[in-house]
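Engineer: Dumping the structure here so I can ask a few things about it.
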Amino acid sequence: MEIALVKARGLGLARPVSCRLNPGVTWLSGSNAMGLATMLQWWSLSRVPAHGTLSVNGQKWQDLTLRHQAHYKRKIGFKPRVDTLPEHIRVNRALAYWAALWKLDDPAIAAKNAMADWGLGLIADRCLGTLSLGEQQRLLLAASSLMDPEVWILEDPWNGLDTEARVLLMDRIMRMPHNGSVVVSDVAWPEGLLEWDCHGDITSDDVVWVNR
């Protein structure tokens, strides 16, 4: 899926942004937290620029019908907020709930497959309120990949992950289709992990793109 911005303006971005989300891994970093958040909202199709153009597959976002907008949004994977669910909900139930919310054909099977992919079997019956930071992060990564997204938005994905979980995350990124896109928003890129294809450094004034 091709997402493009033309002279887009938004919170935290003083200058217009014109760029295209390329297939592969895009790393967004920088000291401008508000600008980073705005870029993620644009790439995830959850917000339209206040000024400028956002287009998907060559079509202006505002010109698409609500049905087509919903169709494209369902191709975007992102970590849900765990604090929107009661703490007593169990891990397997939470995944099934998110799978149903995103209208997957068989939420129970999707949840089961996600637990297997991300090594969540041992905590399947644990309540959300009892999870450690690393366990919670692994759960949210599993949730974000439930629908095999074409664009996968990862905000601070390494936070709290142990070595095993990092390997699972790297493997999942490397198994993305060749035309798929991964957007990683993090202050730094951990040493020893897979390389990125494009790096956007978001400063207080501008977005500086570094292409490999």
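The values are calculated or read from the model by the stated rules, or taken from the named source; none is laboratory data. This is a predicted model, so every value here is computed, not measured. Note: ideal-geometry Cβ built from the backbone for every residue, glycine included; neighbour counts use all protein chains shown. All accessible areas refer to the heavy atoms of the entire protein, side chains included, with ligands and DNA or RNA removed. Shrake-Rupley method; radii C 1.70, N 1.55, O 1.52, S 1.80 Å.
Engineer: Do we find that residue 197 is touching a Pro at 6+ places or on another chain (Cβ under 9 Å), in contact (Cβ under 8 Å) with a residue 60 or more places away in the chain and open to solvent by 40 Å² or more (accessible area, probe 1.4 Å) in this structure?
Structural biologist: yes
Engineer: What are the pairs with Cβ atoms under 9 angstrom where one residue, in segment 162-177, is closer than 12 Å to residue 117 by Cβ and the other, located anywhere, is in a loop (DSSP other than H, G, I, E, B) and polar (S, T, N, Q)? Sequence gap at least six, or different chains.
Structural biologist: Here the result reads 172/145, each pair linking segment 162-177 to a residue that is in a loop (DSSP other than H, G, I, E, B) and polar (S, T, N, Q).
Engineer: OK, next. Just to be sure I understand, how many residues within segment 65-88 are in contact with a strand residue (DSSP E or B) (Cβ under 7 Å, 6 or more places away or on another chain), over 19 Å from residue 155 (Cβ atoms) and either open to solvent by less than 50 Å² (accessible area, probe 1.4 Å) or without any contact (Cβ under 8 Å) to a residue 24 or more places away in the chain (or both)?
Structural biologist: Residues of segment 65-88 in contact with a strand residue (DSSP E or B) (Cβ under 7 Å, 6 or more places away or on another chain): 72, 75-79, 87-88.
Those left that are additionally over 19 Å from residue 155 (Cβ atoms): 72, 87-88.
The next check asks that each one be either open to solvent by less than 50 Å² (accessible area, probe 1.4 Å) or without any contact (Cβ under 8 Å) to a residue 24 or more places away in the chain (or both); those that pass are 72.
Selection size over segment 65-88: 1.
Engineer: Among the candidates 81, 93, single out the residue that is among the charged types (D, E, K, R) and modelled with pLDDT of 95 or more.
Structural biologist: Testing whether each residue is among the charged types (D, E, K, R) and modelled with pLDDT of 95 or more leaves just 93.
Engineer: Oh, and also: State which residue pairs qualify: first residue over 23 Å from residue 58 (Cα atoms) and open to solvent by 10 Å² or more (accessible area, probe 1.4 Å) and inside segment 17-31, second residue assigned to a loop (DSSP other than H, G, I, E, B) and polar (S, T, N, Q) in any location, beta carbons under 6 Å apart, and separation of 6 or more residues or different chains.
Structural biologist: Taking only residues 6 or more apart or on different chains, the pairs are 30/203.
Engineer: Count, please, the residues in segment 34-58 that happen to be open to solvent by 90 Å² or more (accessible area, probe 1.4 Å) and over 21 Å from the mean Cα position of the chain (by Cα).
Structural biologist: Qualifying residue count, segment 34-58: 1.
Engineer: Then there is this: Need at least 2 residues that are among the small types (Gly, Ala, Ser) and touching an Asp or Glu at 6+ places or on another chain (Cβ under 9 Å) per element, so show me which strands (runs of 3 or more DSSP E) inside segment 8-118 make the cut, counting only ones lying wholly within it.
Structural biologist: In segment 8-118, the matching strands (runs of 3 or more DSSP E) lie at 24-29.
Engineer: Does segment 90-97 contain any residue that is closer than 24 Å to residue 180 by Cα, within 18 Å of the chain's Cα centre (by Cα) and open to solvent by less than 50 Å² (accessible area, probe 1.4 Å)?
Structural biologist: yes
Engineer: Does residue 151 satisfy being without any contact (Cβ under 8 Å) to a residue 60 or more places away in the chain, among the β-branched types (Val, Ile, Thr) and on the phi < 0 side of the Ramachandran plot?
Structural biologist: For residue 151, the condition - without any contact (Cβ under 8 Å) to a residue 60 or more places away in the chain, among the β-branched types (Val, Ile, Thr) and on the phi < 0 side of the Ramachandran plot - is not met.
Engineer: Further question: State which residue is surrounded by the fewest Cβ atoms within 10 Å (Cβ to Cβ) when the search covers only segment 98-109 and only residues that are aliphatic (A, V, I, L, M) and more than 17 Å from residue 44 (Cβ to Cβ).
Structural biologist: We begin by selecting, within segment 98-109, every residue aliphatic (A, V, I, L, M); these are 99-101, 104, 108-109.
Within this subset, residues satisfying the condition of being more than 17 Å from residue 44 (Cβ to Cβ) are 99-100, 104, 108-109.
On the way: 99: 23, 100: 14, 104: 18, 108: 14, 109: 12.
Restricting to residues being aliphatic (A, V, I, L, M) and more than 17 Å from residue 44 (Cβ to Cβ), the top hit is 109.
Engineer: Could you check how many residues of segment 113-129 are open to solvent by 50 Å² or more (accessible area, probe 1.4 Å) and in contact (Cβ under 8 Å) with a residue 12 or more places away in the chain?
Structural biologist: 3
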